[in-house]
Amino acid sequence: MRILGLLLSIIVFVSCLNDKNAPSPNQPIVVDTTTATNPVLPAGPAVTSCSPDTVYFQQTILPLITSNCAMSGCHDAISKKDGVILTDYTNIMREVKVASPTSSDLYKCLNETGKDRMPPAPAAEFSLANKALVLKWIQQGAKNNSCVATTVNCDTTGVSFSATVFPTLKTYCTGCHSGATPSAGIDLNSHAAVKVYAANGKLMGSINHSAGYKPMPSSTSKLGTCEISQIKAWIAEGTLNN
């Protein structure tokens, strides 16, 4: 009998607890209908302040490769000569060996001679400085990195075509826009030719990625703020052959 009484007491106690936890008839039952969501992360590579000791893919390597190697008939997405596409980070990395930078096809082809050299003749070969940039980028891990340069030290006074504007165009543009059959018929390999496109607004429209103009060097890459400011200043000063 004592055991039966104890069991009855436990049942009554638990029942009271349940009654306390249950909502009263007049109290609304709140149902949590929210669902957990993953935070939205920004697309593309992280953007940092530019460091002079770092080679950045978005600002340096991609423009170099797309201007000199990914033109029509070579390694663009349509032509894909020899099955190689060099228009974006993912495809470029197929030609890179981070563990052995000098063995990377991307770097080796720049140092070949004759028909194996890239870009092939009659296009100009990469300068020693640009070859060094490609190698240094691979040695630094071949990262899909990007940066924002400050314009504090950007000199836009007395900009020279030979010392400032033309070197910028040679690095980012003349790989496509020079030679016997320049892309879109646009030749930027001389002062006289560049002056024409500076005068009709196409040069600034393209490098600014303005609406109605074909973005250059490419739709995924843009010249730095300083370079654009310097070209703009050169045009404003009369497009001198200085």
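Worth a mention:
- Chain lengthening between residue 82 and residue 124 when straightened (0.36 nm per residue, less Cα-Cα): 13.1 nm
- Distance from the C-alpha centroid of the range 47-88 to that of the range 166-242: 18 Å, rounded to the whole angstrom.
- Subset of 202/222; 81/170; 80/108; 108/131; 170/214; 136/232 violating a 21 Å alpha-carbon distance limit: 81/170; 136/232
- Averaged per residue, the range 127-242 has 51 square angstrom of accessible surface, using a 1.4 angstrom probe with ligands and nucleic acids left out.
- Protein heavy-atom surface of the range 176-242, 1.4 angstrom probe: 54% of the accessible area is carbon and sulfur, with nucleic acids and ligands not counted.
- Scoring 227-239, 46-58 by mean Cβ neighbours within 10 Å over their residues and listing the highest first yields 227-239, 46-58.
- When a 1.4 Å probe is rolled over the protein heavy atoms, the share of accessible surface on the range 106-161 that falls to carbon and sulfur comes to 55 percent.
- Residues residue 115 and residue 229, FRET efficiency given R0 of 41 Å [Cβ-Cβ distance, rounded to 0.05]: 0.50
- The slack between residue 210 and residue 53, meaning 0.36 nm per residue of separation minus the straight C-alpha distance, is 53.4 nm.
The values are calculated or read from the model by the stated rules, or taken from the named source; none is laboratory data. Computed from a predicted model, the values in this text were never measured in an experiment. Positions of Cβ are generated from backbone atoms using ideal geometry, with glycine treated the same way; all protein chains shown enter the neighbour counts. Protein only, heavy atoms only, side chains kept; ligands, DNA and RNA dropped before computing areas. Shrake-Rupley method; radii C 1.70, N 1.55, O 1.52, S 1.80 Å.
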